[in-house]
Amino acid sequence: MASALWCTCGIAGAQSGSRKGQPLASPLSSLERRISGPAPQLQQKVEACTKRYRVSGRQILRVQAGSVPAPTSYLSELQETAAYISKRGRGILASDESNATTGKRLAGIGAENTETNRRDWRELLYTAPGLGQYISGAIMFEETLYQSCADGTPFVDVLRKQGIVPGIKVDTGLSVLPGTDGETATQGLDNLGARCAEYYKQGARFAKWRAVLKIGEGCPSSMAILENAHGLARYAQISQENGLVPIVEPEVTLGPGDYGIEETAYWSERVYSHVFRLLNEYDIALDGILLKPNMCLPGLDAPNASPKEVARWTVQTMQRTVPAAVPGIHFLSGGMSEEEATLNLQALQEECPNSPWSLTFSYGRALQSATLKTWGGKAENKDAAQDILVKLAKANSEAQQGKFQGPHPAPGGERILQALRFGGAGKS
Ligand code: 13P
């Protein structure tokens, strides 16, 4: 009788029934690779902490939870950082717009796109009094990671003092996949290891890589799903190897079209299941990553969905695709209005009160739009702008705990649809 290997711990997937007469190959693929892989010490370590025994003629390999050697020497630090950032009641401030995109935002308030203005804007965000009560991580663009306040205090230190972990966007933008209807692959794998090592030295402890998939005629294509899942997995591997918690961001983007919410849920489920398949193939430590997905929303030309409906489809999608080992699911705001982003976040908690992962936020536009308008590039408005930022962060912190009662600090349902990236493919 052919012997079959069964894994009885959570490392390589849940125990499942065997195909007739065949060993159970697929759930064990990651473990098998580790046992029979090229490094003999690794094999000895695994064997030293396993116990073999037979049941009804089958050989069972029992692996104690936590006994497989770490894929990276940073494992415990990655786990701690991910757990810290995803702690309930807090979320991420996404402030990693490129210089070109920041320039467009500054132009909207009549300010020039100079390094000083970009610095002043980020200084306003990071020095907002009390922000760290509600924000656990801030994602920065490379220029910002190395910048300091006007008084010379490095941004990294300002953030740490607030209890906010500094993070860095490491992708370098999108490029069009040939033969597709404008679908994209994300750039930035070349030299990524060396860049991550430098960012770690500068104080970053997590990273972000954004993959974008759009819904439309024939989209997302299998090619786009596969390419983007691969890019995210390779990035996550390199990032963990260098001590940065990877935020894995597969964004099924809100776009034109009258498709319904169930279609977004369908495509999101397909995309995330491919992403986790590849993350497992690449031996990513799932308790050392954070996921940054979209909420499920209908197309821009379809009637909008209520928070309850958004929550029902979104939670179903997460439950079907995201392993419980992932500590935090940090949703992007993706064009939702500030109030909509808060109300939908609150509805997620009501839909899934005992979620294994923290269902929380990593908002860019939904934290920054009203703040930027209030500031208007004028020093005398700085306090008022910081006040609204902290109120928005607090509202989302309360919504994360299912406790938001309103009124919202930036009420209204108007979508915030400025593009996240300007300049087209290849530019970030
Ligand atoms: P939004 O919340 O504005 O969608 O931005 C989040 C983000 O960082 C997307 O990459």
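Which length gain, in nm to one decimal place, applies between residue 176 and residue 109 when the Cα-Cα distance is subtracted from 0.36 nm times their residue separation?
Using 0.36 nm per residue and subtracting the Cα-Cα distance, I get 21.0 nm.
For a modelled paramagnetic label at residue 301, 7 Å from Cα along Cα-to-Cβ, the residues of region 206-221 in reach, with backbone nitrogen under 18 Å, are 214-220. Between residue 100 and residue 217, the distance separating the two model label sites (each 7 Å from Cα on the Cα→Cβ line) works out to 2.7 nm. Once the mean of 1/r is taken over each pair of separate Cα atoms and inverted, region 202-257 shows a Kirkwood hydrodynamic radius of 12.3 Å. For the peptides 311-317, 360-366, residues were scored by their other Cβ atoms within 10 Å and the scores averaged per peptide; the highest-first order is 360-366, 311-317. Computed over Cα pairs, the Kirkwood radius of region 82-196 leads via Stokes-Einstein (0.692 mPa s, 37 °C) to a diffusion coefficient of 209 µm² per second. Counting 0.36 nm for each residue step from residue 253 to residue 418 and taking away their Cα separation leaves a gain of 58.1 nm. Panel note: the C-alpha atoms of region 171-225, placed on their principal axes, show extents of 45, 17, 14 Å (largest first).
Looking at region 262-371, the pairs of alpha carbons with a distance over 24 Å make up 22% of the total.
So for each of 328-334, 224-230 I average, over its residues, the number of other beta carbons within 10 Å; can you give me the resulting order with the highest mean first?
By packing density, highest mean first, the sequence is 328-334, 224-230.
Full extension of the chain segment joining residue 403 with residue 241 gains 54.5 nm, where the gain is 0.36 nm per residue of separation less the Cα-Cα distance. Over region 320-412, the fraction of Cα-Cα pairs per 5 Å bin, rounded to whole percents and listed from the shortest bin up, is 3, 14, 23, 21, 16, 11, 6, 3, 2, 0. Scoring 402-415, 147-160 by mean Cβ neighbours within 10 Å over their residues and listing the highest first yields 147-160, 402-415. Each principal axis of the Cα atoms in region 283-334 has its own extent, and those three values, largest first, are 40, 18, 15 angstrom.
Here, each number is a calculation from the coordinates, and none is a lab measurement. Bear in mind that the values here come from a model prediction, so they are computed numbers and not experimental data. Reconstructed Cβ throughout: ideal geometry from the backbone, glycine too, with neighbour counts over all protein chains shown.
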